[in-house]
Amino acid sequence: MKIAIASDHAALELKAQLAEWLMEEGHEVADLGPNAPDSVDYPDYGYSLASVVADGTVDRGIAICGSGIGISISVNRNPAVRCALVSEPLSAALAREHNDANAIAIGARLIGLDMAKACVKAFLETEFAGGRHQRRVDKLSNPAL
């Protein structure tokens with residue numbers, strides 16, 4: 001699977017660790033930055049991640065900032081992206097199964113590496129259930145439905 005990953009300065013270390021682990025797991029990883037500890041604005045990286053998820057350059061996206069909140073808001077500004085803020089594997093799996101999330105956001109200051117890996121694993125391994133959930137997901141991009 002091709003996965004884009006982006007963060008802000010607060011999540012630089014977790015982003016690097018997850019990117020390395022994802023490559024070890026056999027995934028192709030597009031690291032959208034940043035790559036230095038200088039202070040950056042999370043919306044810039046959230047918008048970049050949303051862009052490559054929306055246009056199909058990557059299959060899924062992983063956005064990380066200190067809390068996960070700010071970057072998830074910026075990613076969700078793109079109507080083609082459904083980014084769920086997750087903190088444990090069940091929410092990551094349900095985001096895929098019920099909401100067809102194509103991106104997740106993680107708070108680097110809130111969960112450790114092992115829990116972040118568990119969230120990403122659940123997110124990547126869970127399929128969208130479709131069925132009754134499809135009409136609801138369709139309304140996320142087109143409220144007129």
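Every read-out reported here was derived from the displayed coordinates using simple, explicitly stated rules and does not represent laboratory data. Not measured: the values here are computed from a predicted model. Reconstructed Cβ throughout: ideal geometry from the backbone, glycine too, with neighbour counts over all protein chains shown.
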Task: Charge sum, other residues only, whose C-beta stays under 15 Å from Val120's C-beta, Lys/Arg counted +1 and Asp/Glu -1 - done: -3
- [ ] Just the ratio, please: alpha-carbon radius of gyration of the chain over 2.2 N^0.38 Å, N its number of residues.
- [x] 0.96
Open item on the list: Quick query: amide H of Ile64 versus all other amide H atoms, modeled in the peptide plane; which residues come in under 5 Å with a sequence gap of 5 or more or a different chain?
Closed with: Ala6, Ser7, Asp8, Ile106
- [ ] Go ahead and run the numbers for FRET between Gln17 and Ser87, Cβ-Cβ distance against an R0 of 22 Å, rounding to 0.05.
- [x] 0.85
Open item on the list: With θ taken as phi - 60° and the coefficients 6.51, -1.76 and 1.60, list the Karplus ³J(HN,Hα) couplings across the range 2-19 in order, rounded to whole Hz; mark glycine and proline as x.
Closed with: 9, 10, 9, 9, 8, 8, 10, 5, 5, 10, 4, 5, 5, 4, 4, 5, 5, 4
Open item on the list: Explain nothing, just compute: Karplus ³J(HN,Hα) = 6.51 cos²θ - 1.76 cosθ + 1.60, θ = phi - 60°, for every residue of the range 22-28 in order, whole Hz, x for Gly and Pro.
Closed with: 4, 5, 4, 7, x, 8, 8
Task: Over the chain: helical MRE at 222 nm, DSSP H runs n ≥ 4 each giving -39500 (n - 2.57), nearest 500 - done: -14000 deg cm²/dmol
TODO: Using a cut-off of 14 Å between beta-carbons, work out the net charge of the residues near Ala95 (Lys and Arg +1, Asp and Glu -1, Ala95 not included).
DONE: 0
Task: For Asn102, residues with placed amide H under 5 Å, excluding near neighbours - done: Arg82
TODO: Just tell me which lysines come within less than 20 Å, Cα to Cα, of Lys15; anything on the same chain fewer than 8 places away is out.
DONE: Lys2, Lys117, Lys121
Open item on the list: For a quick check: with amide H placed at 1.01 Å from N, whose amide H comes under 5 Å from Leu85's, ignoring anything fewer than 5 positions away on the same chain?
Closed with: Ala105
Open item on the list: If neighbour count is taken as other Cβ atoms inside 10 Å, put His133, His27 in order from fewest to most.
Closed with: His133, His27
Task: HN-Hα J in Hz across the range 98-112 - Karplus 6.51, -1.76, 1.60, θ = phi - 60°, x for Gly and Pro - done: 9, 10, 6, 4, 10, 8, 10, 10, 10, x, 5, 7, 10, 10, x
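Just check the range 21-75 against the gyration tensor rule for me: Cα atoms, a ≥ b ≥ c as the square roots of the eigenvalues, rounded for a/c under 1.5, and otherwise prolate or oblate depending on whether a/b exceeds b/c.
Oblate shape, in that a/c is at least 1.5 and b/c is the bigger or equal ratio.
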